[in-house]
Amino acid sequence: MRYLALPLLIAIPLSAHAGNIKDTDLISSNNFFLPPSTQKTVFIQARNSSDNQDVSFHDLSARISAKGYQVVNDPDRAHYVVLANIVYCNITKPEMPVEAMVASGYGSAFNSTLGAMQGFASMASMAGPYGAMGGAAASMGLSAIQGIGDLFSSSSSASKMPDDVNYACVADVQITEQTTGQLPSGMKTGSGQEAGVYQTRLAADVHQKKLDEAEATPLLQRKLSAAVAGNF
């Protein structure tokens, strides 16, 4: 009996840690299919402009290589150019659920366009009662979506971090199939797309009982990398 006590003591904290996660999800603004090609060279440029600098695409190269592609360092030698930028990593709030961030589409701000509010309204049924209220406000033309700093900054009246939180990372991804050897003009903000240019906004989120950023980070990172690599 004395030797059985140690494994039991070790198992308790591990089970408690795993029980903090209630759900995980991945959402994309749109789907696309890269046309078949015998060209298998890829150039990757990944950035992170979010609050959580620990989330990255560090395993994206290995994931794409595992699919039979050669990742190259020279963009002029690549048939595909992958540009990925993590634009948001933080707690979501009822005023701006992750569905609304994705609905605004690739390259869109989270606060400035009517299209984002309309997308918020159309997806409100996915966000529960708070989303429904925000969607109703958006459909009436009210300023349901304020500045991103106002939405996601900590409230001075909040005494502690709330229980039962949703932590999300949002990334804009552009894949260009090169035919001339020229790099694309960059991360586009318009709605139009050039031939051979594929754009999407991805969001990975984890629903936790208690906020644990260190626990959420690797889960979100793996989901985003897998989603980008899945296009190849």
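All of the numbers you see were taken from the coordinates with simple rules; none came from a lab. As the structure is a prediction and not an experimental result, all values here were calculated from the model. Cβ sites come from the backbone with ideal geometry, for glycine too, and all protein chains shown count toward neighbours.
Okay, here's what the table says:
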quantity	calculated
Net charge contributed by nearby residues that have their C-beta within less than 10 Å of residue 225 (K/R +1, D/E -1)	+2
Cβ-defined net charge surrounding residue 102, 13 Å radius [Lys, Arg +1; Asp, Glu -1]	-3
Order by protection proxy (mean Cβ within 10 Å, highest first), peptides 26-39, 165-178, 67-80, 195-208	165-178, 195-208, 67-80, 26-39
For residue 51, residues with placed amide H under 5 Å, excluding near neighbours	89
Residue-span extension gain [residue 54 to residue 39] - 0.36 nm each, minus C-alpha spacing	2.2 nm
